[in-house]
Structure formats: C-alpha cells, structure tokens
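Asks: I have a structure I would like to understand better, so I am pasting it below and will then ask my questions one at a time.
The values are calculated or read from the model by the stated rules, or taken from the named source; none is laboratory data. The structure displayed is predicted, hence computed values, not measured ones. Positions of Cβ are backbone-derived with ideal geometry, glycine not excepted, and every protein chain shown enters the neighbour counts. Just so you know, the surface numbers come from the protein's heavy atoms only, side chains and all, with ligands and any DNA or RNA stripped out. Shrake-Rupley method; radii C 1.70, N 1.55, O 1.52, S 1.80 Å.
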Amino acid sequence: MVLRGGSASPSHGYTGLYYRDTRFVSLYELLIDGRPALPIKSWRSGISINYEYDLNGEPIRRTITPFYDGVRDSVQGGGELSVKVGFDFSDIFEVRDSLSKSSVVERRRMVNVERRGKAIIAFYDGTDGARRSLVIRSGGEASLKDGLAIVRGSGRLSVMLMPALGSPERPRSAGDVFMEFLRMIPHLKSDNNSLNLLYRYSITNIFTLLESPPAIMFPLAGIPWFNCVFGRDSIVTAMQTLGFIPSIAESVIKRLTELIGRSHDKEREEEPGKIIHERREGEISGSVLPFRRYYGTIDATPLYLMLVASYARQSGVDSIKPFKDGVELALAWLLDKLSKDKLGLLGYDGGALSNQGWKDSWDSVFDSSGELLGYPRYLIEVQGYVWEALRSMDEISPGLGLGNVANRVRDKITLFWSNELGFFAEAIDGEGRLADIYTSNPGHLLWTHAINSGDAKKAAEVLMGNRLFTEYGIKTLGYGEPRHDPTSYHNGSIWPHDNSIILKGLADYGLCDEFSAGSKAMLNAFKQLGLPGLPELYTGSDPPRPMGNFPQSWASGAAVMMIQGMLGISFNGNAVSLRPCIPDWLKWIEVRNIDLHGLRLNIKMRRRGGGVNVSYEVVDSMRKASRMELIIDE
C-alpha cells in the first residue's frame, strides 16, 4: 500500500493499494468528523506505519499493518471516523503511463461492487479472463455511495482490505511471521547509531518484499512498480544476504530454476537455459506486452550460476542437487553463447529492452561523443560475472572442466581497457568501439575478483576519484560525460546496490581506506534522504533526493552486503574466513546469531590501535557433525 500523508488519491499519482501488478484501490482517505484527516506525525514500528492526528487537542492514533494478503487499518480516538475507498483495478503499466495509445486494449473497465453481509466486495473480470476482487471487512457500518465504499465508526474504526487474483484466500497475520523471521537472522550492534538503524530498517524492508515467508523466501523486486519476480534483482538480493539469510538464496534458486527457459520464443526472448528477466501477472502486462514471462536479460544467467556456486560453498554441494536440471541448462546456454560469439564474450542484440544489463535504459551505453554503441554490445561487468560463474562452478564441480573457459573470458577483459581513461570502458560493441566513459560498471570486477590487485587499485582510484565519487556514493556516470544528468535513471544517479557490490569488492581486495570512504558515503545518503531505509536509487546531486521504488529488494540488501564486507566473511569447504575491513568511522561492531556452517555464533570486532581485535562465541550447534574451521585474518 502506497500512501502520501496517510491517504491515496488519483491526484497523488501512483498512491494506492497494489497486488500482483494491479492497483486495486486508487482512493483511500480517512475522515474525522467528515473532514479529510492530515497527520501531525508518523513513524514506523516493525512492519506497521503509525499516524497521529489532532482533534481539538485530543490525539487520534492510527496503525496500518500489512498481512498475507492484505492490509489492516486501525483508528482509535474521539470523533466520528470514516474511511472512503475508491476502486481502480488498473494494470501496473497503465498506472505508469508506459503504454503507447496504439498498444492499449480498448475496453470499458466494469467494476461490480456489492454488499455481502457486513463485507463489501468489488470485482473486475479482465480481458485476460482473470477475476480480480477486493474484499472490505469492518466492525463498523459499511455502505456504498456513488461507486465508493464508505466505512464508519465512532471513536474506533478497523478496516481490512483483502485483494485477490482468482478466489480470495484466507488472510494470514504477518506479525507472527515477522517475529519468526527476526529470530532466525543475525542482529547487529555497533557504536554507530546510524548504521544500527539502517540495518534494522533494511532487514524490515527485505521482509516486506518476501513473497510468503517462512515457506517461500523469494524477494519481489520493489514497490510499487516491480512487486513481482525479477531474475537479476532477486539473485543480487540473495547474494547480498547470503551470509546472513541463506534461505533467501535457496528460494531464489528454486524459483528461477522453475522459470528457466525451456523453449525458443522470439517475442519473449526465451531460450533453453536462459534465466528469466521478469514475470508479470497484470491484465495488460501479460496480454499486450511480452512481460508475463520475459527473458530479455544478458546477465541473469551467469549471476544465477554465481549464486548456485556461492550457495553450494556455504551450504554444501548436496544442497544444490535438487536444482541440477536448471544448473545444467544454464551452463549449456552460457557455454553455447561463448562458443558462437566472435569475441568469445557474452553480448546481446536489441530486443524489447534495447539494453539488457542492469542499466537497461535505452541511452545508458554510449561512447565519449554521446553516440550509442552498435550491436552486439558487451558489458564489462557481465564478463566479470561470466568469469566468476565458470570459475566457481569449476571449483564445486571440477569434473566439468570449466576453468579454461573461465580464464579465456577473464583474459579478454583487457579489451575493455581505455588508455585515455586510465580505466575500463563500460562496454564494447561488435566492431570493437569502446564506451569510453567513466561509469560505475567496472567496479563490479572487484566483486567478481576478475582483475589482479594492481588493476584493482587503479580501478579503486578512479571509482573514488572526483569524476565518480560524491559524499553520498559512487555515481553511475561521471561528471562531465555526455548525457550526464544527476536526476536520470542510469546516467548520473546513485544506486545503493551498485555501491554495495563495489564496496564488497573493495573489502575483498583489502582496500579498506576506500571501503571506509564509500561506506561512510552510503550512511551519509541514508541520513540525508530521511527514509526508513535506502530507496532504489537517488539523485547524484547535493543534496540527494530519493527516486524509484521504495522499498526495493537490492537497495535493502545493500546495507547487509556492506556489513558482510566489514566482517570479511568468506566460505571455502568447511572453512569460514573472517578478514575484517572495519571502516575508520567505526570503533566496534557486534553481530549476534550468525549461522556459519551450522554453528550459530556471536562475533565482535573492535578497532585497537592500527588493527582489529576479533572475538567470538558459539551459541548453538545446529549440525552436530559440522566440522567448521574458523580462520581469522586480523
């Protein structure tokens, strides 16, 4: 549910109640004594949002709490209370106004509203043959007027909104599930209150995006535009949280294996072994557009293999046996693409999305003159993903002989080096033309360990230099470049997930001074933006302004990945290594209830002089047969 000042209105743009790529409600308003209510303050507690209103000096308190699947709105205080609800049932793409007039299905949206006992039910039968319904339940008096539902109460009012695609399901409380979630995850304390708060908010935001925990821990991408399956986003979120919440990785691998390409479909850009880009369930997104099951992504498949290998290193090779079919298909797809490409790299041609990496804006890949690169296009970070995918899969399955292929890809990363930049180019095209501009993309090579320590140091100097670095993070595109715009989606903005990937890479290479500056910038952004967590992206300006979805999965995972960078956690067989990279703005950090190879530990790191002291205690052994070796590199 997306509200502004405690209400939703068509005049407020995208506010409303969303469920499965449909906005069910576009008008939602609380009235006190017949007048629209404006809160005097609001705050967050757990998964709930709280508001306080003033009625002649007397407080009226309100709590809005999500559950599966729906929302409860509880108001308590004096006065005559009422809630007004207006139904919508617009497809998410209609709300975003992203459909051209020529592609819209001409139809009249006939919404039927009726009373059934104390409940009000609105339903809409879509052109896709699916029925979407909304049930409103309340202990107060419910009525219909001019197509609106109005619920009234005196001194107290409780309203439940329950959207459904198909038959309505019995609602489940989210509160108990959230408490169970909190019991299973690590807890953080440090001497920096902003870090502590960012972690708590980020963990809560991750939970709100999980599909149906604890059984299904799959992270949907973001609210409101991307509250659906996104292959790349879910994989990165799983990688960001792997050391802390490995059950997310298991759910992501399982779901993406189920959705892996099985046939050739030109419209959907599906190919056997290709990992899905997005899956939509809206009325229009599955009928007019190819996004019901769309495969137009170049990086999701190597990222999937990276995740599988990382999960196997942490949980044991046997843990990935149920996904053997998907892994084999994905490997076959990747090896086939590399063998048939004239450069021996992984590239893409245009499709429904003209760019198919994470920077998928149409104008995000260009050269120093501002001219777009031709096709095929090869992104620098994707080659790093390919290298790490093949290298790590070779590590857990040495009989496949993937090491030589991995090394050939890594050796060709030099094709992206620009002498003029003194840095790696963002991309090259089929003619060898470089996207010779300063971007954040090469920073992902640090995360995948695809370059030597000398080149890593050079890359860090550029990433943390005045072209790309600001006090709020690393920009997607450097100052002074063609098409630079700090308010754009990919050409000058700052993305938390992008920064977290780079930060983890800096920590892995032992570049702790750079890590310290970058992590401080992320905290600066959190404090400046004033949100309960980090948004999908924010402007690369001073001061920054939030943009995109909030909450968003890989933005929420950014803080978790940054903290794992501080601890320096890595897995190799039964060995777990801790290589601290504690920033200079932090005196101590303690992570409790962390699961490392079946042992639950409390770990504390404290700066002492020029070094870091590490202490730990075993809280519980979950697997008595576990033989974990803990290696501490102080």
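Asks: Considering the Cα positions of the stretch 320-380, please state its Rg to one decimal place and its Dmax as a whole number of Å.
Replies: 14.8, 49
Asks: Still on this structure: Over 23 Å apart: what share of the alpha carbon pairs of the stretch 392-507 falls there, rounded to a whole percent? Please report the intermediate quantities before stating the final value.
Replies: Numbers: 2257 of 6670 pairs.
Roughly 34 percent, rounded to a whole number.
Asks: Could you tell me the calculated FRET efficiency between Asp349 and Arg408, based on Cβ-Cβ distance and R0 = 30 angstrom, to the nearest 0.05?
Replies: Numbers: r = 22 Å, r/R0 = 0.74.
Step by step, r from the Cβ atoms, then E = 0.85.
Asks: What distance in nm separates the simple spin-label points at Leu144 and Asp620, each placed 7 Å from Cα in the Cβ direction?
Replies: Going by the 7 Å Cα→Cβ label model, 5.1 nm.
Asks: Identify, among Tyr509, Trp554, Gly6, the residue whose Cα sits farthest towards the positive end of the charge dipole of the chain, taking +1 on the Cβ of Lys and Arg and -1 on the Cβ of Asp and Glu, with the dipole about the Cα centre.
Replies: Of the listed residues, the answer is Gly6.
Asks: A follow-up question, please. Given the -39500 (n - 2.57) contribution per DSSP H run of 4+ residues, what per-residue ellipticity at 222 nm results for the chain, rounded to the nearest 500 deg cm²/dmol? Before the final figure, lay out each step's value.
Replies: Details: 14 runs with 175 residues, N = 634.
The helix contribution divided over the chain gives -8500 deg cm²/dmol.
Asks: Please give me the summed charge of the neighbours of Gln76: other residues whose Cβ is under 12 Å from its Cβ, Lys and Arg +1, Asp and Glu -1. It would help to have the intermediate numbers written out before the result.
Replies: Working: positive: Arg61, Arg62, Arg156; negative: Glu52, Glu58, Asp73.
Charge balance in the 12 Å sphere: 0.
Asks: Next question, about the same structure. With a Cα-only, solvent-free Debye model of the chain, what are the log10 I(q)/I(0) values at q = 0.08 Å⁻¹?
Replies: -0.60
Asks: Find, to one decimal place in angstroms, the Kirkwood hydrodynamic radius of the stretch 257-382, where the mean of 1/r is taken over every pair of different Cα atoms and then inverted.
Replies: The answer is 15.8 Å.
Asks: Still on this model: Roughly how many Å is it from the Cα centre of the stretch 393-431 to that of the stretch 323-391, as a whole number?
Replies: Here the two parts' Cα centres lie 12 Å apart.
Asks: Report, to the nearest whole %, how much of the accessible area of the stretch 1-154 belongs to carbon and sulfur atoms, 1.4 Å probe, protein only. It would help to have the intermediate numbers written out before the result.
Replies: Numbers: 3440 of 7580 Å².
Reported share for carbon and sulfur atoms: 45 percent.
Asks: Just grab the label-to-label distance for Leu38 and Glu52, each label 7 Å out from Cα along the Cβ direction, in nm (one decimal).
Replies: A separation of 1.8 nm, rounded to one decimal place.
Asks: Ordered by packing density, taken as the mean number of other Cβ atoms within 10 Å over each peptide's residues, highest first, how do 226-238, 493-505, 415-427, 440-452 rank?
Replies: On the way: 226-238: 25.9, 493-505: 27.5, 415-427: 20.2, 440-452: 23.9.
Put in order of decreasing packing, that is 493-505, 226-238, 440-452, 415-427.
Asks: How about the stretch 278-345: which trypsin sites (Lys or Arg not before Pro) there are in a DSSP loop, with at most 15 other Cβ atoms within 10 Å of their Cβ?
Replies: Working: sites: Arg279, Arg280, Arg292, Arg293, Arg313, Lys324, Lys337, Lys340, Lys342; in loops: Arg280, Lys342.
When the trypsin sites (Lys or Arg not before Pro) of the stretch 278-345 are filtered for loop state and at most 15 Cβ neighbours within 10 Å, Lys342 remain.
Asks: Could you list, in their original order, any pairs among Lys254/Lys604; Lys324/Lys412; Lys41/Lys604; Lys359/Lys520; Lys189/Lys359; Lys84/Lys254 whose Cα atoms are separated by more than 32 Å?
Replies: On the way: Lys254/Lys604 34 Å; Lys324/Lys412 29 Å; Lys41/Lys604 37 Å; Lys359/Lys520 24 Å; Lys189/Lys359 34 Å; Lys84/Lys254 41 Å.
Those over the limit are Lys254/Lys604; Lys41/Lys604; Lys189/Lys359; Lys84/Lys254.
Asks: For Ser45 and Ser11, what does the FRET efficiency come to when R0 = 45 Å and r is the distance between their Cβ atoms, rounded to the nearest 0.05?
Replies: On the way: r = 29 Å, r/R0 = 0.64.
The pair Ser45/Ser11 has a calculated efficiency of 0.95.
Asks: So if each residue of separation counts as 0.36 nm, and I subtract the Cα-Cα distance between Asp176 and Arg433, what length gain in nm does that give?
Replies: Numbers: separation 257, 0.36 × 257 = 92.52 nm, distance 5.55 nm.
Once the chain is fully extended between Asp176 and Arg433, it gains 87.0 nm.
Asks: With every protein chain present, what is the per residue accessible area of the chain (1.4 Å probe, Å²)? Don't skip to the end; give the middle numbers.
Replies: Details: 25090 Å² over 634 residues.
Per-residue value: 40 Å².
Asks: Give the angle, between 0 and 90 degrees and rounded to the nearest 10, that separates the Cα long axis of helix 324-340 from the longest principal axis of the Cα atoms of the chain.
Replies: Long axis of 324-340 versus the principal axis of the chain: about 60 degrees.
Asks: Quick one: work out Rg over Rh on the C-alpha atoms of the stretch 345-433, Rh as Kirkwood radius. Before the final figure, lay out the partial values.
Replies: Details: Rg = 14.4 Å, Rh = 14.0 Å.
My calculation of the ratio gives 1.03.
Asks: Quick one: helix 193-209 against the long Cα principal axis of the chain, what's the angle to the nearest 10°, folded into 0 to 90?
Replies: 70
Asks: Using 1/(1 + (r/R0)^6) with R0 = 60 angstrom and r between the beta carbons of Ser397 and Arg483, what's the FRET efficiency to the nearest 0.05? Walk me through the numbers before you get to the answer.
Replies: Values: r = 42 Å, r/R0 = 0.71.
Step by step, r from the Cβ atoms, then E = 0.90.
Asks: How far is helix 512-529 tilted, in degrees, relative to the longest principal axis of the Cα atoms in the chain, given as a value from 0 to 90 rounded to the nearest 10?
Replies: That works out to roughly 10 degrees.
Asks: Straight-line reach only, C-alpha to C-alpha below 14 angstrom: list the aspartates and glutamates that Lys342 could link to, leaving out same-chain residues fewer than 8 apart.
Replies: Of all the aspartates and glutamates, those that pass the test against Lys342 - Cα under 14 Å, at least 8 places apart if same chain - are Asp429, Glu431.
Asks: For the stretch 230-260 and the stretch 1-71, write down the distance between their C-alpha centroids in whole Å.
Replies: 32
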